[in-house]
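S.K.: Take this structure first; my questions come after.
Each value in this text was obtained by applying a stated rule to the coordinates, not by laboratory testing. The shown structure was predicted, so the numbers you read here are calculated from the model rather than taken from an experiment. No Cβ is skipped: glycine too gets one built from the backbone with ideal geometry, and neighbour counts run over all protein chains shown.
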Amino acid sequence: MNTSYILKKAIIINNKKSKKVHAGRSLKKIGVMGGTFNPIHYGHLATAEAVRNKYDLDKIIFMPSGNPPHKSKKEIIDKKHRYNMTMIATMSNIYFEASDIEIKREGMTYTVDTLEQLKKIYKNSQIFFITGADALCDIDSWKYLDKNFELATFVGATRPGIESAKVNQKIDQLKQKYNANIVNIYVPSLDISSTDLRNRIKKIESIKYLLPENVEKYIYKNNLYR
Ligand code: ATP
Ligand code: MG
C-alpha cells in the first residue's frame, strides 16, 4: 500500500471514530494523550493502551500540540505532518483517535484550554490526562496548573530513565499542594524517544520496530527530519 492511500484511509477511519464513544454507560471515561508526536512512536502507543486497559477508558484521544510552550521551535516539524502521522499510527486501534483541536488553535497551546474544550464536547465525562514520568516531573511550568487538576485526573506513566522515587515524591507534592487527582501506572519499558528517532534519521540509521511501519514510510516519503 502506498503512503497517500494509507493516509486517505487513516483520515476516513479517524473521522468515523471521532463520532463514537464505545461504552453505553452515562459517565464516559475519556483518555487524552498529549504530545508533540515529533514523531509518534511505540512508547506513546503502548503507554496509552496500558492506561486504556487499566482504567477501562472508552477512548483515547491523541492530541498533537500546535505551538507547545515548552519545546524549542526549530526541531518541530509542521503540525500537519505530526497530525497525519498520529492518524496513521492510531488507525488500527478502535479506541484510539487523533484530534486536531490543538493544531487548529492560534498562538501557544495550553493543556488547560484543551481540557476545557473537551469538557464541553464530552459533557458527562471523566477525563484522564496521560503524561509520561518526565512530563509529570516538569509539570510545575504549566499554565493554570490548579485548573488542569480540577478538569482532569492525571495519569503518570513510568518512563525509562525517570526514577520511580522521584515520580512518587512529585505526585505526593502535587496532591498536597493542589488536591490533585493523580494515579500512576507501570508501563512495560520502551526506551524510545522522538529525539532519538530524529537523530537516527539524520544519521541514516534504522528506526524500524520503534514506531509503526506506516509512520516510518510516511517519514521517508515526505523526507522528514533529514
Ligand atoms: P521528545 O524527545 O521530542 O521530547 P518524546 O518521545 O518525549 O519526544 P513527547 O511528544 O514529548 O515524546 O511525549 C508526549 C508524552 O508521551 C509525554 O507525556 C511523554 O512523557 C510520554 N512519552 C513519550 N515517550 C514515552 C515512553 N517511551 N514511555 C512512556 N511515556 C512516554
Ligand atoms: Mg518529550
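S.K.: Pairs of alpha-carbon atoms within less than 8 angstrom and 6+ residues apart define the contacts here; what relative contact order does the chain have, in percent?
M.R.: Across the chain, relative contact order equals 24 percent.
S.K.: Listed here are the pairs Lys28/Lys177; Lys119/Lys221; Lys16/Lys120; Lys80/Lys208; Lys17/Lys177; Lys175/Lys217; which of them are more than 31 Å apart at the Cα?
M.R.: Beyond 31 Å between Cα atoms: Lys119/Lys221; Lys17/Lys177; Lys175/Lys217.
S.K.: Which translational diffusion coefficient, to the nearest whole µm²/s, is obtained for the chain from the Stokes-Einstein equation, given a Kirkwood hydrodynamic radius over C-alpha pairs, 10 °C and 1.306 mPa s?
M.R.: 88 µm²/s
S.K.: What FRET efficiency would be calculated for the residue pair Asn2, Glu163, taking the C-beta separation as r and a Förster radius of 41 Å, to the nearest 0.05?
M.R.: Once rounded, the FRET efficiency stands at 0.40.
S.K.: What is segment 31-122 by shape, rounded, prolate or oblate, if you read a ≥ b ≥ c off the alpha carbon gyration tensor as root eigenvalues and call it rounded for a/c under 1.5, prolate for a/b larger than b/c, and oblate otherwise?
M.R.: Cα axes put segment 31-122 in the oblate bin.
S.K.: Quantify how much of the Cα-Cα distance distribution of segment 82-133 extends past 16 Å, in percent.
M.R.: Counting every Cα pair in segment 82-133, those more than 16 Å apart make up 55 percent.
S.K.: Please sort 171-183, 206-218 by packing, taking for each peptide the average over its residues of neighbouring beta carbons within 10 angstrom, highest first.
M.R.: Sorting 171-183, 206-218 by mean packing, highest first, produces 206-218, 171-183.
S.K.: What FRET efficiency comes out for the pair Lys16/Asn124, r = Cβ-Cβ distance, R0 = 25 Å, nearest 0.05?
M.R.: 0.65
S.K.: Above 23 angstrom, tally the Cα pairs of segment 95-202 and express them as a % of all pairs, no decimals.
M.R.: Roughly 37 percent, rounded to a whole number.
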